[in-house]
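This report refers to the structure that appears directly beneath it.
Derivation of every value follows stated rules applied to the coordinates shown; laboratory data play no part. All figures in this text were calculated on a predicted structure; none of them were measured in a lab. Neighbour counts are summed over all protein chains in view; Cβ atoms, including those assigned to glycine, are modelled from backbone coordinates with ideal geometry.
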Amino acid sequence: MQTLDMRGQPCPIPVVKAREVLAQRDAEGVAVVVDNFVAVQNLEKMAKGTGCGFSYADEGGGLYRVSVVRGAASGGAFEGPEAAPTTAPLAAGGGRKGPVVLVTADGLGRGAEDLGKLLIKGFVFSLSQLDPPPEAVIFLNGGARLTTEGANTVPDLKALEEKGTGIYTCGTCANYYKLTEALAVGSIVDMLNIVQRLAKASSVIAI
């Protein structure tokens, strides 16, 4: 059984990575090491929702080892992620069109700064799991830091870019924070370009 070390990984990354292993034809199950009980609970929900067996062990020091066995609960094969209903409008050519996402800070929500940075990592990763993917993700003000070298959001943004999502950083913001030379993904755009993209968007998610 393959073991995934998901210590330090925010929700929903442990669940998504476990699904990827279980979706492999020859996978009998997966063991996942996590460092918070919420992740244990999320993995349990995933297991029960897909007909898999579930168990966990408290290994001490805040670590938990979760075992998910494919088909153990129902005797069947892993069913994969539940199909989520969508109301996304059709793009030209008949394909569904994702939203434009506007990110205005390098953390998510108000409160503890470290928690906000952990949440924004999970948020960006979750965007990469959407079907259809976002049409564009636009970064303003402090959000510009998320597209630069060293940001833990860059790998997921690159994954989005490979799926056809436009990644755009406000040029004025990048210049203000002296980040222009550190851009690691996407491109620099001006405010007119940003406003035009927002105006034409089928839907906008702003955080």
Can you show me the helix-derived [θ] at 222 nm for the chain, built from DSSP H runs with n ≥ 4 at -39,500 (n - 2.57) apiece and divided by the number of residues, rounded to the nearest 500. -9000 deg cm²/dmol
By Cβ neighbour count within 10 Å, fewest first, 103, 189 rank 189, 103
About the Cα centre, and with charges only on the beta carbon of Lys, Arg (+1) and Asp, Glu (-1), how big is the dipole of the chain? Nearest 20 debye, please. 440 debye
What list do you get for 25, 70, 65 if you sort them by fewest beta carbons within 10 Å? 25, 65, 70
So which GluC sites (Glu not before Pro) in the range 133-168 end up in coil per DSSP with only 14 or fewer other C-beta atoms within 10 Å? 149
Which Cα, out of 157, 136, 196, lies furthest along the positive dipole direction of the range 100-206 (beta carbon charges, K/R +1, D/E -1)? 196
Unit charges on C-beta of K, R, D, E only; dipole of the range 2-69, Debye: 220 debye
Can you find, among 63, 43, 111, the residue sitting farthest towards the positive end of the charge dipole of the chain, where Lys and Arg contribute +1 and Asp and Glu -1 at Cβ? 111
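Anything over 18 Å Cα to Cα? Flag those among 17/121; 163/200; 17/45; 121/158; 178/200, in the order listed.
Violating the 18 Å limit, Cα to Cα: 163/200; 178/200.
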Just one of (i) 58, 33, 29; (ii) 50, 39, 31; (iii) 56, 45, 27 is Cα extents along the principal axes in Å calculated from these coordinates, so which is it? (iii)
Unpartnered cysteines - no second Cys beta carbon under 4.7 Å - across the chain: 11, 52
Can you sort 67, 187 from fewest to most other Cβ atoms within 10 Å of each residue's own Cβ? 187, 67
